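To start, the structure itself, in structure tokens.
The values are calculated or read from the model by the stated rules, or taken from the named source; none is laboratory data. None of these values were measured; they are calculated from a predicted model. Every residue, glycine as well, gets a Cβ built from its backbone with ideal geometry; the counts of neighbours run over all protein chains shown.
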Amino acid sequence: MVERMNRTVNRYLAKVVSDHQQDWDSWLHLFLLAYRSAVHETTGETPASIVFGRELRLPCDLMFGCNPGDDVAGEDYVANLRRRMDEAHEKVRHNIRTAGDRMKMTYDVGSSETAYQPGDLVWLYNPQKRRGLSPKLQSSWEGPYEVVKKINDVIYRIKKANGGKPRVVHFNRLAPFAGDNAEAQVRELQQLHPELNLEDFMATHTGTATARFGVTREEHRALFTVPDEYALAHCVARDLRMSRGIASEFQRLFGQVDELKRQSGRVGQVLELRSDQRRLYYLISKDKSYQLPTYRAVWEALLDLREKLLTANVLKLAIPRLACGRDGLDWRIIRNMLEVLFGSTGIEILVCSWNPRGPTEHRTVDCFFDQTFGCKKGVLCPFRHERFRDETALRKGQCASPTLDGRADLREI
């Protein structure tokens, strides 16, 4: 850990020290302030908050002021500090596990994909020793170089952009060159996102396997109580007969079934609606409402959903447990799909697993408005509704209890 921190310090100093390297110590305090107050990519927290339980007071706070803290007694302060630090440490442990899985997949894909084409400009990693200067404080990259030819998957022939003798180097010694000329025409390298086909996914992410990329977060709450900044999505049949389950609540609250039918979606596609400030997405996972969906249909629908969310710049999505319960698919597999397909998009998915007929709620008093004028609260009503009684309503576990048999039958794909 000490060596890794020293490498980070050296990389920073190499970018800011003068050519004579005699002023390196004058930059240390600025580096430490920046490092301790910056959110770490892996932990998701700043080092200061992990160690001290609070954020540092920065120069901008002294200039513009900051929110005053709560006046609490000594014992209360210690208890609150301990609670905050316990929560922060638990969050950091989760983020570290998530980051490990994410970095492994990114590295595996980056090692197997070709990132450069002839004509691309690149940096070359070529550390050299110079008399009187510390190699650790020197820039180890030189360039730009131009890619002349791709010899094989990992070996390239390059030459200096302004002329020079070509040289053959390994892929790992190259990095994209963005340039400092605003008018320079540099091809943007394709972003590498790990992609799997369904067969590969089912071979590696079924059973007890778990994909952890920090995409999904599950809470015991009603889906329709999430803030307006969240888009909503759920599964429907292509015939759009939303007569039971959570689909019936979507139809009651948002309607516009005729608009959905005009979009003429097929199985594996997603229909889209706008309701006030919220976006609604309907994943077509089967043809008829009485049929069962397949993993392939859900996979294709999630791919289409991802494209629509990215196009609309929607970064927060709330869903129930998709395609489980009555639909019979394994929630662990569906959640792994969400983690893998949305892992590199920056989209946050909130899974709401509250069920109005769950085991913790027993409604024994009929709702007066539901029997007369119609109740506007729907699933949020504390009284019993007629549609929650019969067999066509939400069954126990549709949103709260997945089918956890630990198996994935490939014949269902």
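In this structure, does T46 turn out to be surrounded by 15 or more Cβ atoms within 10 Å (Cβ to Cβ) and either within 23 Å of the chain's Cα centre (by Cα) or at pLDDT below 70 (or both)?
Yes: the conditions hold for T46.
Can you tell me which residues in segment 121-133 are out of contact with any helix residue (DSSP H, G or I) (no Cβ under 8 Å at 6 or more places or on another chain), touching a residue at least 24 places away in the same chain (Cβ under 8 Å) and part of a loop (DSSP other than H, G, I, E, B)?
L133, the sole residue that qualifies.
What number of residues within segment 244-255 satisfy the criterion of being free of Cβ contacts under 8 Å to residues at least 40 places away in the same chain, surrounded by 14 or more Cβ atoms within 10 Å (Cβ to Cβ) and either not assigned by the TED database to the domain that holds D287 or not aromatic (F, W, Y) (or both)? Steps first, answer last, please.
Start the filter on segment 244-255 by keeping residues that are free of Cβ contacts under 8 Å to residues at least 40 places away in the same chain, which leaves 247, 250-251, 254-255.
Adding the requirement that they be surrounded by 14 or more Cβ atoms within 10 Å (Cβ to Cβ) leaves 247, 250-251, 254.
After this cut, where a residue has to be either not assigned by the TED database to the domain that holds D287 or not aromatic (F, W, Y) (or both) as well, the list is 247, 251.
Final tally of qualifying residues: 2.
Need the failing condition index for V298 against (1) surrounded by 19 or more Cβ atoms within 10 Å (Cβ to Cβ); (2) in contact with a Phe, Trp or Tyr (Cβ under 8 Å, 6 or more places away or on another chain); (3) hydrophobic (A, V, I, L, M, F, W, C), just the number.
Failed condition: (2).
L322: among the aliphatic types (A, V, I, L, M) and in contact (Cβ under 8 Å) with a residue 24 or more places away in the chain, yes or no? Spell out how you get there, then give the answer.
Details: among the aliphatic types (A, V, I, L, M): yes; in contact (Cβ under 8 Å) with a residue 24 or more places away in the chain: yes.
In short, yes.
What tally of residues in segment 12-31 results from selecting those that are in a helix (DSSP H, G or I) and either over 37 Å from the mean Cα position of the chain (by Cα) or surrounded by 13 or more Cβ atoms within 10 Å (Cβ to Cβ) (or both)?
9
Of everything in segment 239-278, what is among the charged types (D, E, K, R) and in a loop (DSSP other than H, G, I, E, B)? Give them in sequence order.
D239, R241, R244, R266, D276
Taking R262 and the conditions (1) in contact with a strand residue (DSSP E or B) (Cβ under 7 Å, 6 or more places away or on another chain); (2) without any contact (Cβ under 8 Å) to a residue 12 or more places away in the chain, which numbered condition does it fall short on, given that it satisfies the others?
If we test R262 against (1) in contact with a strand residue (DSSP E or B) (Cβ under 7 Å, 6 or more places away or on another chain); (2) without any contact (Cβ under 8 Å) to a residue 12 or more places away in the chain, just (1) comes out false.
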